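Below: one structure, written as structure tokens.
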Amino acid sequence: MKRARAIAARELASYFRTPAGWVIVALYLFLGGLFFMLWTLVPGKPASMRDLFMLSGWLLLPVAPAITMRLIADEIRAGTMEGLLTSPVGAAAIVAGKFMGACAFLTIMSLPTLVYVGVLFAHASPMPDLGPILAGYLCLALLAGLYLSIGVAASCMTSNATLAFMLTFFAILGLLLAPGLMGSRLLPAWGTGVIEAVAPMPRIGDFARGVIALSNVVYFLSITGIFLLAAVSIVEWRRWR
């Protein structure tokens, strides 16, 4: 765990040392502010962050791949991955460290969004319920973990950061668009069940309404774990190939 924390600290610092990291921060806050103004501060409509949280899946769509695309792909491209793999650091520590660094960066990026809550309480009448807001932020954290785990796995698969971005982007996009296939004649009966099991959007809707269901929490943690295990397996394969 100590080695994973060291890797995480190094990755977190690297985001703030490069212009690309600040571009990601600016993109995230710009999109978040735009979504907040368009769907929360609507004249004649009760002030609520429900719609903003409902759109969080789309808000993170370009951001998560940008955060994760270089995590391991750049190590492979630069040849430093071999040094990591021959060191005492295990594959699990490498993946965990990269993932924790990405999560910490996105968490810090999200702190300014608490201003939205202050604005909401300052201008809303009647006062909004705090429960759905807390549930929404929990959803944002779980969803970010899921997206970032997909990105880490994709970054393990290639030395090309752009390709890693595209793999992550389209994998996430597929999850978001999957519910639209339900009821399609082209989809077999068992396909509907698969989509219901893996699609995050219905679960995001539950959180946005303030409903914290254990099954939804387990879903996010399980899918995140699956992608992280896949990433560990890919790193192990690179170690022994």
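The values are calculated or read from the model by the stated rules, or taken from the named source; none is laboratory data. Since this is a predicted model, take the numbers as computed values, not measurements. Note: ideal-geometry Cβ built from the backbone for every residue, glycine included; neighbour counts use all protein chains shown.
Overview of values
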quantity: Exclusive hit being farther than 23 Å from residue 215 by Cβ and over 15 Å from the mean Cα position of the chain (by Cα), set 153, 122; calculated: 122
quantity: The range 82-96 residues that are more than 16 Å from residue 10 (Cβ to Cβ), paired with ones that are at pLDDT below 70 and in a helix (DSSP H, G or I) (beta carbon under 8 Å, 6 or more apart); calculated: 91/85
quantity: Hits in the range 24-66 - residues which are among the aliphatic types (A, V, I, L, M), free of Cβ contacts under 8 Å to residues at least 40 places away in the same chain and in a helix (DSSP H, G or I); calculated: 26, 27, 31, 34, 37, 38, 59
quantity: Tally of residues being β-branched (Val, Ile, Thr) and surrounded by 14 or more Cβ atoms within 10 Å (Cβ to Cβ) across the range 1-36; calculated: 3
quantity: Only listed residue being free of Cβ contacts under 8 Å to residues at least 60 places away in the same chain and either surrounded by 15 or more Cβ atoms within 10 Å (Cβ to Cβ) or not in a helix (DSSP H, G or I) (or both), chosen from 103, 139; calculated: 103
quantity: Every residue from the range 209-226 that is in a helix (DSSP H, G or I), among the hydrophobic types (A, V, I, L, M, F, W, C) and touching a Pro at 6+ places or on another chain (Cβ under 9 Å); calculated: 220, 223
quantity: Among the candidates 87, 48, residue that is small (Gly, Ala, Ser), crowded, with 16+ Cβ neighbours inside 10 Å and either more than 23 Å from residue 154 (Cα to Cα) or more than 16 Å from the chain's Cα centre (by Cα) (or both); calculated: 48
quantity: Residue 145 part of a helix (DSSP H, G or I), in contact with a Cys (Cβ under 8 Å, 6 or more places away or on another chain) and not β-branched (Val, Ile, Thr); calculated: yes
quantity: So residue 110, is it assigned to a helix (DSSP H, G or I), among the polar types (S, T, N, Q) and closer than 18 Å to residue 228 by Cβ; calculated: no
quantity: Filter result for residue 20 (in a loop (DSSP other than H, G, I, E, B) and either modelled with pLDDT under 95 or small (Gly, Ala, Ser) (or both)); calculated: no
quantity: Residue pairs meeting the criteria (Cβ under 6 Å; at least 6 apart or on separate chains; first in contact (Cβ under 8 Å) with a residue 24 or more places away in the chain and assigned to a helix (DSSP H, G or I), in the range 160-177; second buried (at least 20 other Cβ atoms within 10 Å of the Cβ) and of a type in the set (S, T, N, Q)); calculated: 164/155
quantity: Filter result for the condition that a residue is part of a helix (DSSP H, G or I) and surrounded by 19 or more Cβ atoms within 10 Å (Cβ to Cβ), over 96, 92; calculated: 96
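Table: residues versus (1) more than 13 Å from the chain's Cα centre (by Cα); (2) crowded, with 21+ Cβ neighbours inside 10 Å; (3) within 22 Å of residue 115 (Cα to Cα).
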residue: 38; (1), (2), (3): yes, no, yes
residue: 41; (1), (2), (3): yes, no, yes
residue: 53; (1), (2), (3): yes, yes, yes
residue: 56; (1), (2), (3): no, yes, yes
residue: 65; (1), (2), (3): no, yes, no
residue: 71; (1), (2), (3): yes, yes, no
